[in-house]
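Asker: Got a structure for you, questions after.
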Ligand SMILES: Cc1cc2nc3c(=O)[nH]c(=O)nc-3n(C[C@H](O)[C@H](O)[C@H](O)COP(=O)(O)OP(=O)(O)OC[C@H]3O[C@@H](n4cnc5c(N)ncnc54)[C@H](O)[C@@H]3O)c2cc1C
């Protein structure tokens, strides 16, 4: 039977863009370009490598995000994933990590899976907890933050590198895995891959398809709330030290005044 791999990928605001908060203190996602979270490219890469090793495997990429999140799915499809699932619903506005994990769990159960692969953290929220919450919701083992991962005979094995030691971990499938940015360079989509991605299926789901009510997600269903947010002050011009014989002294005085030394 085919090994069913689901990869969770997030569409994130471009960090080089000008990002703002909306009036309700959520991130204004309409005003900024987005892209596939770079850390999730590692998850797609590991899924593709596992699929290449397996006799028979299917890689589905899944995102919860706005209309433009399709761009992230297309990128993953052009890297080589077989199909995509996009959960989009106006009522998702303001959904926090608890709501996102609930929606992902429902979509993963509907799609069917043997292993779920996620990134180590998104590049915008950077909580790094979603894979663990997802495993709990699905009621399956979690093997997180792996720098090396393989699947053989229904068992996922991997190495987690810590500061003082490396652990070898394994779990019987079905399971949730997350991989780090040390797991191996993500491939670039080839021209053939980009053309092929245009024809690959992208399934769209909304909350009703997942038997979810609006109040379970969105700002209403969120377990967390943002009380206030302040935009970072504009950058100042900085201090230029001209060396006219006393440059070193002036530098040291500046560093001391800023309590760096
Ligand atoms: C339209 C919209 C509005 C939102 N508004 C808010 C808000 O107002 N406040 C708030 O706290 N959160 C909001 N979220 C959710 C938030 O952006 C995160 O998806 C969620 O909180 C998870 O946190 P994280 O990104 O830090 O996850 P992490 O734990 O850092 O992510 C780890 C991994 O989980 C997977 N993952 C994370 N998010 C997604 C996703 N959306 N789809 C697929 N895989 C994913 C990726 O593989 C990622 O590498 C919103 C999301 C959407 C789609």
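Asker: If one computes P(r) from the Cα atoms of segment 3-221, what percent of pairs lie at distances over 29 Å?
Answerer: 21 percent
Asker: In whole angstrom, how far apart do the alpha carbon centroids of segment 96-113 and segment 175-251 sit?
Answerer: 20 Å
Asker: Taking Cα atoms, how many degrees apart are the long axis of helix 97-111 and the longest axis of the chain, rounded to 10 and kept between 0 and 90?
Answerer: Approximately 30 degrees, to the nearest 10.
Asker: In segment 3-221, what % of DSSP beta bridges are antiparallel (nearest 5)?
Answerer: Within segment 3-221, antiparallel bridges account for around 40 percent of the total.
Asker: Calculate how many DSSP beta bridges within segment 1-113 are antiparallel, expressed in % of all such bridges and rounded to the nearest 5.
Answerer: The antiparallel proportion sits near 25 percent.
Asker: Arrange 39, 138, 77 by Cβ neighbour counts within 10 Å, fewest through most, would you?
Answerer: If I rank by nearby Cβ atoms, fewest first, I get 138, 39, 77.
Asker: Something else now. Taking the Cα-to-Cβ direction at residue 227 and at residue 206 and moving 7 Å from each Cα, how far apart do the two end points lie in nm?
Answerer: For residue 227 paired with residue 206, the spin-label model returns 3.7 nm.
Asker: Given Cα pairs under 8 Å that are at least 6 residues apart, what percent is the relative contact order of segment 3-221?
Answerer: The normalised contact order for segment 3-221 reaches 26 percent.
Asker: Another question, if that's okay. Calculated FRET efficiency, residue 190 and residue 157, Cβ-Cβ r, R0 35 Å, to nearest 0.05?
Answerer: 0.75
Asker: If you don't mind, another one. Which percent, nearest 5, of DSSP beta bridges in segment 102-261 are antiparallel?
Answerer: Rounded to the nearest five, the antiparallel share is 60 percent.
Asker: Put a dot 7 Å past each Cα toward the Cβ at residue 56 and residue 111; how far apart are the dots in nm?
Answerer: So the label points at residue 111 and residue 56 sit 2.1 nm apart.
Asker: Right, here's the next one. Any idea how far apart residue 181 and residue 251 come out in nm if each label point goes 7 Å out from Cα toward Cβ?
Answerer: A separation of 2.9 nm, rounded to one decimal place.
Asker: Order these by the 10 Å Cβ neighbour count, fewest first: 170, 67.
Answerer: Ranking 170, 67 by Cβ neighbours within 10 Å, fewest first, gives 67, 170.
Asker: Next question. To make sure I understand, if each residue's beta carbon is the centre and we count other beta carbons within 10 Å, what order do 254, 191 fall in, fewest to most?
Answerer: Fewest-to-most ranking of 254, 191: 191, 254.
Asker: With only alpha-carbon atoms in the gyration tensor, what are the semi-axes of the equivalent ellipsoid for segment 128-202, in Å, largest first?
Answerer: 27, 17, 13
Asker: Let me ask another. Can you give me the C-alpha center-to-center distance between segment 35-93 and segment 149-169, rounded to a whole angstrom?
Answerer: 23 Å
No value in this document is a laboratory result; all are computed from the given coordinates. Keep in mind the model is a prediction, meaning the values are calculated, not measured. Quick reminder, even Gly has a Cβ in these numbers, built from the backbone with ideal geometry, and neighbours come from all protein chains shown.
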